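Q: I am attaching a structure below and will ask some questions about it afterwards.
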Amino acid sequence: MPEDKLCGMVQSMYGLIDQHKIIDWHRNIEVERRVRMELEDYAFDIVRAQFGIPLSVDEIDNIISLLWNLAVENK
């Protein structure tokens, strides 16, 4: 995958997390649920469908968990 597309995907995923940041967002179960759903939609609709990257459901779940954990650690 070209570096510019990879960078665009990362920026888009970060933006999905960033738009839900409110006070104590990292402790809010509802925020986490919404962010995870949007990241999952992005992974299936954009990463798999548009970019043709064959990610399994388990790989997508692992990526979403990693992204959430990184966002929380770097709040």
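Q: Report, in debye and to the nearest 20, how large the dipole of the stretch 12-67 comes out about its Cα centre when Lys and Arg carry +1 and Asp and Glu carry -1 on their Cβ.
A: That gives the stretch 12-67 a dipole magnitude of about 120 debye.
Q: For helix 29-42, report the angle its Cα long axis makes with the longest principal axis of the Cα atoms of the chain; keep it between 0 and 90° and round to the nearest 10°.
A: So the inclination is approximately 10 degrees.
Q: Nearest 0.05, what FRET efficiency do residue 19 and residue 50 give at R0 = 22 Å with Cβ-Cβ as r?
A: FRET efficiency, residue 19 to residue 50: 0.60.
Q: To the nearest 10 degrees, how steep is helix 3-18 against the longest Cα principal axis of the chain, on a 0 to 90 scale?
A: Taking the Cα atoms of the chain, the angle to 3-18 is about 20 degrees.
Q: Using only the Cα atoms of the chain, what do you get for the radius of gyration and for Dmax, in Å?
A: Both quantities, over Cα of the chain: 12.4, 36 Å.
Q: Further question on the same structure: Fewest first, what order do 17, 53, 22 take by the number of other Cβ atoms within 10 Å?
A: Result, fewest neighbours first: 22, 53, 17.
Q: Now a separate question. Can you give the angle from 0 to 90° between the axis of helix 57-73 and the longest principal axis of the chain, with both taken from C-alpha atoms, to the nearest 10?
A: The two axes meet at around 40 degrees.
All of the numbers you see were taken from the coordinates with simple rules; none came from a lab. A quick note: this is a predicted structure, and the numbers were derived from the prediction, not measured. All Cβ positions, even for glycine, are placed from backbone atoms using ideal geometry, and neighbour counts span all protein chains on display.
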